[in-house]
Amino acid sequence: MVAGCGNRPAARQCMTMGAGPLATAAAQLRVDVYPAGVACDGITVAAGAGAPSLSMSFAEGAPIALDLSPGRHTVVLTAFSDGAATMVIGGACTDADFQPGQAVCLDLTLAPAPDGGNELGPTDLSIDFGMDLSVCQGAACPCTAAPNDSCGLGQFCDVDARCAPGCKDNADCTATPDGGVTDGGASNTPICDTARHSCVQCLAQSDCPLGKLCSASGFCVDGCDPSVGKGCAAGSTCCSKLCVNLQSDISNCGGCGRACGTTGVVTARCSSGLCSSTCVSGAGNCIKPAAPTPDDGCETNIGTNVDNCGACGRPCSATNVSTRQCSAGLCTSSCATGFGNCSTPAAPSADNGCETNTTSDVNHCNGCATSCSAPPNGAPVCAASMCGLGACKTGFYDCDGAAGNGCECGTSCCINPITMAQGCLVTAHTNGIGGNYSDCFPIGKPGDNTTYNQQMALDAANSDTSQTGTVGTGYYCGSSMSHTQDQVCKTAGDGTTGTCTCWTYAGNGAGSGTAGHMYASSGVSGDSGCFCVTTSANPWN
């Protein structure tokens, strides 16, 4: 075992040297130090390097200390098989920068010499060689140790009574930038660890501020431990000795150790103690459980979930639906009879279920894909899930009722030969007194005053050849305001005597049901003149 750096505390971190066949077989080891600029050539320096500025021989396992001036040096380690140091069996060479107050470790790997040591086989011996940079200060060397250390700033008196780099008190730490404390930017006032002669930030937990812990190396690092009186600032919680915000920390969202799930997640997020992570396409973060329940990430398939179809909180509607269905983020529900799911809106619009009545919608008649086309001269209509003819254009009529030809009758083919009224000629009208007539109006329904008009009553009166006299309008029952009945009458008299036949075509109040009824008086005593008809009188249509 090769020992380096002697027993000086400041250099002990670099003292370990591993054993190997070349080091074990060596009768003597030698360290040669050359000035900067001397290059290594294999296991030693290049030819022409001159004499070393420092040379020291030692046996394997013996302590060694080197006093070097600050700066860059080339160091050669040589192994000899004889005590006179004449038979070289291996060596190693490297260069390094040596500065006061800094530990220097040299990684020297002994390799067999070209003309010796090969019989020992190759070696991968790696030696950490610690250099103790002692600095003597003239008359101050040797120095006196604590409590009245005689070394200058940035030095202490070591066990060999030599001034070595390191601190002896806090003044040595505050006298240099950051006191030699390289903590990544922490701003604590450095203090001297007199056991290690190193400038540190802390020696105890009390030296660190809130939210910091004193590490084994003497630095105040982020952390907390309520058991030693080091907690967190307001708004943070101590979790595994780290101060975290449970409202926003994705590893401690809503509770210590409660991490936001990664299932289907693109970017994990914690907001107000709930995991509100963004999701991959087709997934939704719909549940968002609260602590202590573990988070489940983006747990919902919004492409197929009927309660979250296309987006969280967007259910497929049940309106006129027999079975709710979600496919590719759209509600494709099957429908109740007579309805169609024709619009299928996408998120964020709300689903409207089976919104279309396919029994009456001209654009979706008996199915979403069926549209009723406009018939000639008329409007389309969907009735009982079948396309048909609706209202005709002005001047056109559907006289034959045939499917497909629309409103085939125009002005030239639909003129009443008696009244010259425009419309479809209907020949099946009865006048209620045994005769028939034709006009351009549909057949009326007795008792329904909406199916009759004055022209129909005139046509019926003009067709009656059994009654003599003149056809006249302006007959009514009731007051001039109420008009409980409106009639057309035909009489040869003045309306108070003789025979008279009347056709009621409209009425109000109790007389509204008399439309479509007629009465013919006989002209005898008690039955002479024009009379108001009753619902029991003869019908006409």
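List of remarks:
- Strands (runs of 3 or more DSSP E) enclosed by segment 434-541 - at least 3 residues per element that are of a type outside the set (Asp, Glu), over 60 Å from the mean Cα position of the chain (by Cα) and surrounded by 14 or more Cβ atoms within 10 Å (Cβ to Cβ): 470-477, 485-491, 500-506, 517-520
- Flag for Gly509 being without any contact (Cβ under 8 Å) to a residue 40 or more places away in the chain and within 19 Å of Thr535 (Cβ to Cβ): yes
- Test result for Gly406, in contact with a Gly (Cβ under 8 Å, 6 or more places away or on another chain) and surrounded by 15 or more Cβ atoms within 10 Å (Cβ to Cβ): yes
- Test: residue in segment 289-299 that is crowded, with 18+ Cβ neighbours inside 10 Å, in contact with an Asp or Glu (Cβ under 9 Å, 6 or more places away or on another chain) and not charged (D, E, K, R): no
- Residues of segment 312-344 that turn out to be exposed (fewer than 15 other Cβ atoms within 10 Å of the Cβ) and within 20 Å of the chain's Cα centre (by Cα), as a count: 3
- Strands (runs of 3 or more DSSP E) fully within segment 210-273 that include at least 3 residues being farther than 18 Å from Asp295 by Cα and more than 28 Å from the chain's Cα centre (by Cα): 212-214, 220-222.
- Residue count for segment 530-540, restricted to those that are at pLDDT below 95 and out of contact with any Phe, Trp or Tyr (no Cβ under 9 Å at 6 or more places or on another chain): 2
- Across segment 58-68, the qualifying residues are those that are within 16 Å of Leu22 (Cα to Cα) and at pLDDT 70 or above, and the one among them that is surrounded by the fewest Cβ atoms within 10 Å (Cβ to Cβ) is Ala59.
- If the condition is being in contact with a Cys (Cβ under 9 Å, 6 or more places away or on another chain) and either part of a loop (DSSP other than H, G, I, E, B) or closer than 18 Å to Cys342 by Cα (or both), then segment 368-382 contributes Cys368, Ala369, Thr370, Ser371, Cys372, Ser373, Pro375, Pro376, Asn377, Cys382.
- Check on Ser317, free of Cβ contacts under 8 Å to residues at least 12 places away in the same chain, part of a loop (DSSP other than H, G, I, E, B) and either under 19 Å from Pro345 (Cα atoms) or of a type in the set (D, E, K, R) (or both): no
- Residues of segment 411-432 classified as at pLDDT 90 or above and touching a Ser or Thr at 6+ places or on another chain (Cβ under 6 Å), total: 1
- Near pairs, Cβ below 8 angstrom, 6+ apart or cross-chain, from segment 460-485 (touching a residue at least 40 places away in the same chain (Cβ under 8 Å)) to any residue that is of a type in the set (Asp, Glu): Tyr475/Asp486
- Index of the failed condition, Ser322 passing every other in (1) part of a loop (DSSP other than H, G, I, E, B); (2) closer than 30 Å to Ala384 by Cα: (1)
The values are calculated or read from the model by the stated rules, or taken from the named source; none is laboratory data. Given the structure is predicted, the values throughout are model-derived calculations rather than measurements. Every residue, glycine among them, receives a Cβ derived from its backbone with ideal geometry; neighbour counts consider all protein chains shown.
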